[in-house]
Structures are given as C-alpha cells and as structure tokens.
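Report on one structure; see the data block that follows.
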Amino acid sequence: MTLVASQLSLTHNGEVFLEDISFTASPGITVLVGPTLSGKTTLMRVLAGLIKSDSGSITVNNVDVGAISVKDRSVSFVYQQFINYPSLTVFDNIASPLRVQKPKIKKDEIKDRVHEVAQMLRITELLDRKPSALSGGQQQRVAIARSLARKSDVVLLDEPLANLDFKLREQLRDELQRIFADANMMVIYSTAEPLEALDMAAHTIVMNEGRVEQDGKALDLYSRPNNLPVAQAMSDPPLNLISSSVATANSESIGSALRDKFGGTFTIGIRPHNISLKSEGARDIAISGKVRIAEITGSATYLHLDLENAQKIVLEIDGAQNFTSGSTMTVFLDRSAVYGFDPKTGATLFAPSAVR
Amino acid sequence: MAEIRLENVAHSYDGGSTFALNPISVTWKDGNAVALLGPSGCGKTTLLNIISGLLTPSVGRVYFDGVDVTDLDTAKRNVAQVFQFPVLYDTMTVRQNLAFPLKNRNVSKDVIAERVEEIAELLGISKYLDIRPLKLRSDLQQLVSLGRGLVRKDVPAILFDEPLTVIDQNFKWTLRGRLKEMHNNTRHTLVYVTHDQTEALTFADEVVVLNQGNIVQTGTASDLFLTPQDEFVGFFIGSPGMNFLDGKVNDGAVMVGSTRIGTTLSATTIANGNVRVGIRPEFLSIDETGKGLPVEINRVEHRGGYKLVHADSVQGKFVAKLDNESALVAGQSVHLAFHPERTYLFRDSKVCGTVNVKGAK
C-alpha cells in the first residue's frame, strides 16, 4: 500500500502555493514539518481532493485518484480546529461516516468499530455524552476516532494537537504514535514542531514556501539538513545564525577559526544547547557578547547574548542560572556541532559528523 | 502600576452549587510579572477576568494598591488587556490602532508619536504602521493587538490571556524575550494566563499553578521545578513531567519493590507505610554499580540534543532524560540511580519528605 504524489503544483492569483511536490508515503506515519504558510495545509487539502492542483498526480495503491470525487475517496481529514456534530452523542459522531458508507455496513459492525476505536483513544466512557460536555482534548480524540473508524487508506491530520494544552499534547502525541504504529493506513501528520517529528521518529518531509526541501528520517534531517530552511524547521529552540566574520574572543573571525572546513564568509548555524559557558575542549570557539536577558524554566536557562554588529545568539544551559543584564561574557561554540551555510543560496556547506 | 491583592475571592457560575474558583487570598507585588498556569478548566481565566473586572466574584474583594475595586467595571479599573485573538479596528491603520488607547487619554501628539514608534520597534512591526490590520497575517495582527495593550504606561496592570497562541513557533522565542526585556525596563505589573509552561516559567517572576479551581503552588520557575510541593506540580511542570512510583517507608528506609533507594531525610516525621516516590527525568542516571533500581528499557527517543529513555520497573513506568553519549537500546536491562536531594516522597498528593540517596545500599 502506497500513496505517491508526483509533481504537484498550485498557483493562485499569481501566488505560488505548491511547487513541484513529489513524495511517496507508505503505511504508518509520514510527518510534514514546516513553518506557518509553508504549504502543509494546502498540500493536505490537495491530497484530500478538496482543492485541485494545477498539475501533477496522486495515486493511492497505483490508482490515480484525480478523477475520483472527494466523497468516494478513501480519505479522512482531521483539522486543527476539531469538528464534531454538537447535537449527536460521541457514539453517533464516530458512527456517522460509517452509516453513509457504501456498500452498507451492518449495525453490529458499526457498533463494534466504534467501540474498537473508542477503546484505542480511551473515550469509551464518553460515548453517551454530547461534545459540549467534553474538554478540548476529549473532543479532538473524538474527531480522530471518527477518522479512524472509517478505516480509510489515507488519514490526514493537520496540526491535530495545535489547539490543545501543552500537557495534553505531550500525552496525546505518545498515544497517537502507538495507535498509528499498528494501523494499516497511510497517516500524513502535519506540524510546526520539530519535536513531534523527532518523537515519532517517522518518515519526515520538510516543507518551505510550497516546496519539499528534504525528505527522510527525522533524525537525519535534524543532523544533516540539505539547507538552512531544513535546519531551521528542525530546530526548537531556534537555530542560532551568525556571520562567520564575527570575531572570536582572541579576535580572529569564526571563519578563520573554521578555515579548515571552508574559506570565505558563510553563515554559521549552531543550536542553543551546543554553546557553553566554559570551554569543554581546546578546539571550542570562544566569542564574547553582552547579556540581554536570561529566561529560566527550572530545568534550563535560555541566555540571550548580543554579539558585535547587532547579531544575537541564545544559549541553552542546564539548570537555573542568573546573569546580570548588560554584563560582558565569553561563551564557547562546540566546534563539532557547527553548521556552515552558503549566505546566498542557504545550501549546507558542512555539517557535524555526529548528532549533536 | 499597582499591587494587586485578592481577599478570599471565589467564583461560581451556577449560583453556588459548584465553584470554578475556590476561595483564594493572594498579594502580587507592584511591578511583578505573574503567570497563572494550569490546564483548561483550572480557573485561570476566571481569575484573570475577576482582576480585569469582566467578572464580579461571587465572594471576596479585589484591591489595587489597597483600594477596593471589586465593584468597578473594567473601564474604571483602567487596566490594559490583550486577548488570545486580535482585537483591532479595521477602519484605522496600525499606527492609529496603537495610538488609540493614548489618544483616548488625551496624551499629547508628540508623546503618542514617539511611544507608538517605540512599541512598533519592540514588536518588529514598524514597517506595517501605515496599513490596515486586516491586510496583515493573523500573527502580525496579534502583534498589533499586543502593542495596543503595551502602549500605555499609566495603567495599574496589563492583563494577558494566552497572548501568543497564534504566534509562529519560531517567532515566539524572539517575542517572549522582547516582552521580558520590556518588563525588566518598565516594571509594569503583569498578569499572564497560559497553559504553556515554557511561556509561564520564562516570563514570570512568580508562577501560580492552578488545578481544579485551587492554587496548588506559587513560586519561581526553579522552585516549581526543583521543589514541587504537590504531585500535580511535579507532573504539570517539566517536559516530560515527574515520574511517580509506588514505594514504602519502613523505619526510615525508602523501598521501591525490593530495592532500597535510600533513607528518609527526616526519618522521625515520616510514618511507616505507602508513599509515592517522585523523581524528574532529568535527575535519573544509569547506575553502573548495579545497586540502583532494575528496569527494562522499552523505547529510546532521540530528540536531537538529548535522549528520552522509557523504561519499565516492577513499580511502574519511568522516563529518563539522558545525554546523547549514553548508548542504550530497547530490551536492555539496566539499573537506575536516583539523584540525591531531588527524590521526593508524596502522601495524599502532598510532599512529605525527601530521600537521602546516600543511604542506598
């Protein structure tokens, strides 16, 4: 079972929404990662048949679905803003798509399927309630249950956790992973959060400005991004970007400190946890900056520093530490965790050899 | 700017049969940033609305700098508010929207112009000043909305209700930092409602954790992370939250299954019997000596900068946050060591003691 999207493009009023998108999804989870407006939702709508692309094709199990009407496609869609029928009970909400399916499904089987998915999503005790009596997390579970009950070939989840509380998100993310791991369907899951892709350790596609930038295992995209947009999409907290001309503490430029890697001026990318307060190896690169603020979460401290030429970096330090705003300090970039990007094209010039 | 004091404030939406907010009495210092943090339905928005005057509490009084404002409406309380979604006038430009709260207060033209530029700069929206807000993306609109809340300096307090919900993930980091910096400079009294612990912890001087209409603990980010007083705080703060295991105290020895993980630090005050042992994923490590709690690893998540190791023990599931160097695989049996001073004992969901791990054998 596979879904193959091939050369999908979509332009509307001169604005490019999708540009030459091709990928293959197998049973299990495929994660679409990208910032707001990168084209994730548009792509999902095209995959669902809700919008037609200008060109390209979509095949599911070798059948071109382009000519099949939306209601006859074996596709389910779960939106960011969960949608349930307010006047129906949870049971009827989940059962509703099964009742209109052709060929007709027997009553007993509908009941069995509803109970099966309800159990998976832990909402069995809610089946007699109306959606208004449920919390947001419970409502989203119902919406997901409804999409699973249909046993569609393709399930599309568009940032399904975005509107939920932080803690609920954590919990539901773990559960979805467990549920979809065994399901024999192609699940396309979009998110703006790289952590979700890493957590699911699934096939991941990074989108940016309507294009597929890179396609692979989440951890590979994290450690070996093809270009800057991929590195940024796979970093949270955000990747620090510094020009290689910024001076080191002993007044060389970072570029010259990395001369063995690449000559000329380039963009340095380094993740916040790879910059430390004390040197951990002789080859670390020391740079000086001025403390702007420190944000303490208890488990970590995010230290914001101003460098020369209005450049800024953020450090992630373990534990809680206080700093005086305005004071000058020297910090150390782990040289083995430094990325280099072409300042014009954004292409990756060099990347760490191991995951950092 | 004002000190906010709540005296025995409680609220019921149904005439007293159930309470969304149980009686609370607190004082928030003038100039502090306070975050109200909790899951949906915990009472945090109810509490915020009581402070803003959108809601009159069923019981209790609200004071701004010692003045009873309980019966004053929002306009008379003079507070600034920022909501979850943008609230803007589309007949005005962004500049006029930002200027509006000042114009209403008869602030001089020059001061308005200067202040509007200053706020626009802080929020990175200077280039949009002369267009109408509906032409902007929703996250930019929300920035304008934020700007309107921040523009006045003479308000007793600025109240935020989940203001960063629609802001892009990456930009949230920048914006949070800027807001904090602004607060460091102006020392407005801020009250900030959120379900996002990172927002609350990084932004606030004081975080108030609410659950089911009660304040469960108030403190700094470090207090809540390092010394949770309640199981809920252990679970809700931290990502992932605290691990809890069933254990026993037996004459000062703390047992998990048949492993003695340590002794109680205050042996005389903890009676023998069942306890819940709480430890954060950050404070677990692999015990190479083989004395620690035996567990079997069932899943290793690679999160880039670190690993989350999920393990099963006889007394429950564990998650440990370990660095990338630890080479562990699913199916492996290892022993876990508990961090001294960071292992807590709970009874009836309240902390009742700390474990001295040095007493382990």
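The values are calculated or read from the model by the stated rules, or taken from the named source; none is laboratory data. All values derive from a computational prediction rather than experimental measurement. Please note: Cβ atoms are built from the backbone with ideal geometry, for glycine as well, and neighbour counts cover all protein chains shown.
Worth a mention:
- Scan of segment A:193-209 for residues that are surrounded by fewer than 19 Cβ atoms within 10 Å (Cβ to Cβ) and within 20 Å of A:ARG45 (Cβ to Cβ), ordered by number: A:GLU209
- So B:LEU308, is it in a strand (DSSP E or B) and within 14 Å of chain A (Cβ to nearest Cβ): yes
- Scanning segment B:11-35 for residues that are touching a Phe, Trp or Tyr at 6+ places or on another chain (Cβ under 7 Å) and either under 21 Å from B:GLY219 (Cα atoms) or in contact (Cβ under 8 Å) with a residue 60 or more places away in the chain (or both) yields B:ALA20, B:ALA33, B:VAL34, B:ALA35.
- Within segment B:297-349, the set of residues being in contact with a strand residue (DSSP E or B) (Cβ under 8 Å, 6 or more places away or on another chain) and among the basic types (Lys, Arg) comprises B:ARG299, B:LYS307, B:LYS317, B:LYS321, B:ARG342, B:ARG347.
- Criterion applied to B:PHE225, B:PHE232, B:PHE244 was being within 11 Å of chain A (Cβ to nearest Cβ) and touching a residue at least 60 places away in the same chain (Cβ under 8 Å), and the one residue passing it is B:PHE232.
- When residues of segment B:143-165 are limited to those that are among the charged types (D, E, K, R) and more than 22 Å from the chain's Cα centre (by Cα), the one nearest to B:LYS127 (Cα to Cα): B:ARG148
- Selection within segment A:49-76 - at pLDDT 90 or above, of a type outside the set (Ser, Thr, Tyr) and either at negative phi or part of a strand (DSSP E or B) (or both): A:LEU50, A:ILE51, A:LYS52, A:ASP54, A:GLY56, A:ILE58, A:VAL60, A:VAL63, A:ASP64, A:VAL65, A:VAL75
- Some residue of segment A:216-229 being aromatic (Phe, Trp, Tyr) and within 30 Å of A:PHE17 (Cα to Cα): yes
- Segment A:156-166, subset crowded, with 21+ Cβ neighbours inside 10 Å and not in a loop (DSSP other than H, G, I, E, B), residue nearest to the other protein chains (Cβ to nearest Cβ): A:ASP158
- Test set (1) buried (at least 17 other Cβ atoms within 10 Å of the Cβ); (2) within 24 Å of A:PHE341 (Cα to Cα); (3) within 12 Å of chain B (Cβ to nearest Cβ); (4) of a type outside the set (Asp, Glu) - A:LYS312 fails condition number: (1)
- Residue in segment A:231-243 that is part of a strand (DSSP E or B), touching a helix residue (DSSP H, G or I) at 6+ places or on another chain (Cβ under 8 Å), more than 12 Å from chain B (Cβ to nearest Cβ) and not basic (Lys, Arg) present: yes
- Segment B:59-102: number of residues that are in contact with a His (Cβ under 8 Å, 6 or more places away or on another chain) and surrounded by 17 or more Cβ atoms within 10 Å (Cβ to Cβ): 0
- Qualifying residue in segment B:166-184 (condition: more than 9 Å from chain A (Cβ to nearest Cβ), under 11 Å from the mean Cα position of the chain (by Cα) and touching a residue at least 12 places away in the same chain (Cβ under 8 Å)): no
- Tally of residues being among the polar types (S, T, N, Q) and more than 14 Å from chain B (Cβ to nearest Cβ) across segment A:177-225: 2
- Residue within segment A:274-281 that is under 17 Å from B:GLY305 (Cα atoms), touching a Ser or Thr at 6+ places or on another chain (Cβ under 8 Å) and surrounded by 21 or more Cβ atoms within 10 Å (Cβ to Cβ) present: no
- Residue that is farthest from A:ARG178 (Cα to Cα) [pool: residues in segment A:121-136 that are assigned to a helix (DSSP H, G or I), more than 13 Å from chain B (Cβ to nearest Cβ) and in contact (Cβ under 8 Å) with a residue 24 or more places away in the chain]: A:SER132
- Test: residue in segment A:250-261 that is within 30 Å of A:ILE205 (Cα to Cα) and either surrounded by fewer than 21 Cβ atoms within 10 Å (Cβ to Cβ) or within 33 Å of the chain's Cα centre (by Cα) (or both): yes
- Condition met for B:GLU117 (surrounded by 16 or more Cβ atoms within 10 Å (Cβ to Cβ) and acidic (Asp, Glu)): no
For (1) part of a strand (DSSP E or B); (2) at pLDDT 90 or above; (3) touching a Phe, Trp or Tyr at 6+ places or on another chain (Cβ under 7 Å), each residue gets a yes or a no:
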position: B:VAL233; (1), (2), (3): no, yes, no
position: B:LEU245; (1), (2), (3): yes, yes, no
position: B:LYS248; (1), (2), (3): yes, yes, no
position: B:ARG260; (1), (2), (3): yes, no, no
position: B:THR263; (1), (2), (3): yes, no, no
position: B:ASN274; (1), (2), (3): yes, yes, no
position: B:GLY278; (1), (2), (3): yes, yes, yes
position: B:SER285; (1), (2), (3): yes, yes, no
position: B:PRO294; (1), (2), (3): yes, yes, no
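- Residue check for B:ARG152: modelled with pLDDT of 90 or more, more than 10 Å from chain A (Cβ to nearest Cβ), surrounded by fewer than 20 Cβ atoms within 10 Å (Cβ to Cβ) and touching a Pro at 6+ places or on another chain (Cβ under 7 Å): yes
- Unique match (being within 25 Å of B:SER12 (Cβ to Cβ) and either over 14 Å from the mean Cα position of the chain (by Cα) or surrounded by 24 or more Cβ atoms within 10 Å (Cβ to Cβ) (or both)) among B:VAL209, B:VAL233, B:VAL216: B:VAL209
- Verdict on A:ILE270 being surrounded by 15 or more Cβ atoms within 10 Å (Cβ to Cβ) and within 14 Å of chain B (Cβ to nearest Cβ): yes
- Odd one out for B:HIS188 among (1) within 18 Å of B:TYR344 (Cβ to Cβ); (2) more than 14 Å from every other protein chain (Cβ to nearest Cβ); (3) not in a strand (DSSP E or B): (1)
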